[in-house]
1. At what distance in nm do the modelled label points of Asn197 and Asp156 sit from each other, each positioned 7 Å from its Cα along Cα→Cβ?
2. Using amide H atoms built in the peptide plane, which far-off residues or other-chain residues are under 5 Å from Gly200 H to H?
3. Using a 1.4 angstrom probe, figure out how much accessible area the range 267-308 has per residue, in square angstrom, rounded to the nearest whole.
4. Be a star and scan the range 56-87 for residues whose amide nitrogen sits under 16 Å from the point 7 Å along the Cα-to-Cβ vector of Arg128.
5. Leaving ligands, DNA and RNA out of it, report the carbon-plus-sulfur percent of the accessible area of the range 117-166 at a 1.4 Å probe.
6. Arg59 to Ala142: extension gain in nm, 0.36 nm per residue of separation minus the Cα-Cα distance?
7. Computed from the coordinates I sent, mean projected area of the Cα convex hull in nm² equals one of (i) 15.8; (ii) 17.0; (iii) 19.1. Tell me the label.
8. Which sequence of Lys304, Lys220, Lys229 reflects their accessible areas, 1.4 Å probe, from the largest down?
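The values are calculated or read from the model by the stated rules, or taken from the named source; none is laboratory data. Computed from a predicted model, the values in this text were never measured in an experiment. Cβ coordinates were reconstructed from backbone atoms using ideal geometry, including for glycine residues, and neighbour counts include every protein chain displayed. We work out accessible area using only protein heavy atoms, side chains counted, and drop any ligands, DNA or RNA first. Shrake-Rupley method; radii C 1.70, N 1.55, O 1.52, S 1.80 Å.
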Amino acid sequence: MIWRTLVMALLFSLMVGTGDSFAEETKTLADSVYFTGYTFENGVGGRLRAPLGIYCDPRTDEVFVAAGPRLIIYDRNLNVKFTVSHFVTDPLTGRTIPGEPKSIAVTRDGNIYLTDNLVDYVDFLDFRGEPISRIYPNRVLADTTLKLKAEALAIDELDRLYISVSGDMQTILLLDQDHKLIRKIGEKGERPENFTNQVGIGVGEGLVCVSDLYAMPAIKVFDTLGNFKTGWGGHNVDREDFSLPSGVVVHRDSYGRLRIWVSDALRHVIKVFSDDGEFVSNIGGYGERLGEFTYPIGLSVGTKNTFFISEKVLGRIQRCEIR
């Protein structure tokens with residue numbers, strides 16, 4: 001059943017791959033989005049390798065990217081400012097090895113949270129990537145018998161950290177600035193408010209939006225107290241559905257309307273919804289030109305209605321603006 005869904009999604013991606021959006025009677029959001037820059041540079045004379053997590057610091061407009069074994073910091077024009085290799089402790093041998101950084105979030109002081117595909121903890125780093133401490137989800141829960149892995153990250157305006165965890169438990173951990181547990185949000189199950197395989201988190205405007213690879217609905221919206229508010233999207237070929245929902249952003253546009261942006265890697269588009277799940281627009285389509293995508297994964301919003309998107313397979317970061 002999963003394979004049939006993926007095949008249908010790939011066929012759908014070919015339909016939207018020309019960049020054509022669904023016909024609308026009025027001007028669509030896609031007509032107002034302009035792609036204004038991109039980069040393939042990794043900061044050490046090479047090309048980006050499998051960029052995943054991306055975070056734009058709204059205070060500095062610096063763009064932090066987790067790509068291959070590196071953490072790379074760009075300015076808003078996607079010029080490299082700084083890059084550092086990320087190393088982790090091999091859980092089998094205890095040796096220090098190059099990592100595969102995955103998700104990223106940055107505090108108001110410029111300190112960095114980073115998850116990695118190779119380990120179960122969250123690295124807490126200073127503004128130049130030097131280690132400060134590590135956050136183990138099972139220790140946060142005071143139960144080291146649990147096998148838990150930190151996956152996606154998000155941070156709110158109060159510097160509270162949201163960690164998506166998998167393993168013996170599937171939930172979102174909300175931590176305070178001292179990395180103490182405030183509450184859990186959501187749990188594993190088959191109800192609309194439950195998770196099966198959460199992928200991305202977007203936080204803003206009092207909302208916590210989570211994308212889920214298999215669950216129905218695919219997008220789940222909670223408030224910061226952990227109350228389930230709504231959800232939408234299946235795993236079929238309709239325009240409001242998803243094949244691989246990943247990055248999520250909560251954004252209030254220049255008209256004051258709340259919008260949820262979600263990257264769908266297998267359909268090679270960004271899907272935009274209202275906060276109650278009404279489909280607004282598709283952005284992009286399959287391709288390698290500016291404004292097209294090849295497996296978009298990470299998604300972040302900066303100042304002045306500017307968005308940044310990471311493309312895992314193509315190894316590119318794109319910048320777009322709403323005008």
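1. Each label point lies 7 Å from its Cα, and together they span 2.9 nm.
2. Result for Gly200 returns Ser211.
3. Details: 1410 Å² over 42 residues.
So the range 267-308 comes to 34 Å² accessible per residue, rounded to a whole number.
4. 71-73, 81-86
5. Numbers: 1170 of 2250 Å².
So the carbon and sulfur contribution to the accessible surface is 52 percent.
6. Details: separation 83, 0.36 × 83 = 29.88 nm, distance 3.42 nm.
Going from the current span to full extension adds 26.5 nm.
7. Evaluating mean projected area of the Cα convex hull in nm² on these atoms matches (i).
8. Numbers: Lys304 165, Lys220 0, Lys229 120 Å².
Largest accessible area first, the list is Lys304, Lys229, Lys220.
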